[in-house]
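Asker: Have a look at this one before I ask anything.
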Amino acid sequence: MAEQVSVLFVCLGNICRSTMAEGVFRSIVEKAPYKELVDKVDSCGTGAYHVGDRPDSRTMATLRANGITHYVHRARKVHPSDFDKFDYIFAMDESNLDRLLHEKRSRPSTKAKVMLFGQYSGTGSAEVIDDPYYDDGNSGFERAYEQATRFSRNFLKDVFPNVAE
């Protein structure tokens, strides 16, 4: 059996993109064949703007519209211990990636691989998940859902190449 992995998703406020990615990823890995392969999944923000808040209502509506109905989360800020607790820390965009890499540089012996989640876009080039917070309507949230789903599946195929869905 392959070694278990742990994954942390990070955006700025932890109410839109990272929670979307966490909800999508959890929905995939809570079932076979990944259920026994993923240890911890969480999300957080690089900023403390929304600590303690629930995900944005549009995030939750998008998840529910796609059959993800049991996701519960309260926003939190990234903590130095996260770099030891998680194998992979995925930033949603370059700005948050820069903040995370800066934090990791001060802790060079930590286990986490810090990278842009969009490196698993499957298109041959990295993509960012744009922040839909200030968008009118749901199109930005729907796009974030599509990206999170695609990136999650590509990541899992990469990390567990001998596991068939």
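Asker: Since residue 32 meets every condition but one in (1) touching a Phe, Trp or Tyr at 6+ places or on another chain (Cβ under 8 Å); (2) under 17 Å from residue 164 (Cα atoms); (3) of a type in the set (Gly, Ala, Ser), which condition does it not meet?
Answerer: Result: residue 32 fails condition (1) only.
Yes or no, residue by residue, for (1) surrounded by fewer than 24 Cβ atoms within 10 Å (Cβ to Cβ); (2) part of a loop (DSSP other than H, G, I, E, B):
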site: 10; (1), (2): no, no
site: 14; (1), (2): no, yes
site: 28; (1), (2): yes, no
site: 47; (1), (2): yes, yes
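Asker: Ok, one more. Six or more apart or on different chains, Cβ under 8 Å: which pairs go from a residue in the stretch 121-133 that's in contact (Cβ under 8 Å) with a residue 40 or more places away in the chain to one that's loosely packed, with under 15 Cβ neighbours inside 10 Å? Could you list them?
Answerer: 132/139
Asker: Let me ask you something else. Sort through 72, 38 and tell me the only one that's over 23 Å from residue 128 (Cα atoms), free of Cβ contacts under 8 Å to residues at least 60 places away in the same chain and buried (at least 20 other Cβ atoms within 10 Å of the Cβ).
Answerer: Checking each option against the conditions leaves just 38.
Asker: Ok, one more. When residue 59 is evaluated against the numbered criteria (1) within 18 Å of residue 145 (Cα to Cα); (2) open to solvent by 20 Å² or more (accessible area, probe 1.4 Å); (3) touching a Phe, Trp or Tyr at 6+ places or on another chain (Cβ under 9 Å); (4) of a type in the set (Ser, Thr, Tyr), which criterion, by number, is the only one it fails?
Answerer: All conditions are met except number (2).
Asker: While we're here: Filter the stretch 89-120 down to the residues that are without any contact (Cβ under 8 Å) to a residue 40 or more places away in the chain and among the polar types (S, T, N, Q) and list them by number.
Answerer: 106, 109, 110, 119
Asker: With the checklist (1) open to solvent by 70 Å² or more (accessible area, probe 1.4 Å); (2) among the hydrophobic types (A, V, I, L, M, F, W, C); (3) over 21 Å from residue 46 (Cα atoms) in hand, flag the one item residue 156 doesn't pass.
Answerer: (1)
Asker: Would you mind telling me which numbered condition in (1) exposed (fewer than 13 other Cβ atoms within 10 Å of the Cβ); (2) among the acidic types (Asp, Glu); (3) within 22 Å of residue 35 (Cβ to Cβ) residue 87 fails?
Answerer: Checking residue 87 against (1) exposed (fewer than 13 other Cβ atoms within 10 Å of the Cβ); (2) among the acidic types (Asp, Glu); (3) within 22 Å of residue 35 (Cβ to Cβ), the one that fails is (1).
The values are calculated or read from the model by the stated rules, or taken from the named source; none is laboratory data. Remember, predicted model here, so these are calculated numbers, not experimental data. Glycine also receives a Cβ, built like all others from the backbone with ideal geometry; neighbour counts cover every protein chain displayed. Ligands, DNA and RNA are stripped out before the accessible areas are found, and what is left, the full protein with its side chains, is counted by its heavy atoms. Shrake-Rupley method; radii C 1.70, N 1.55, O 1.52, S 1.80 Å.
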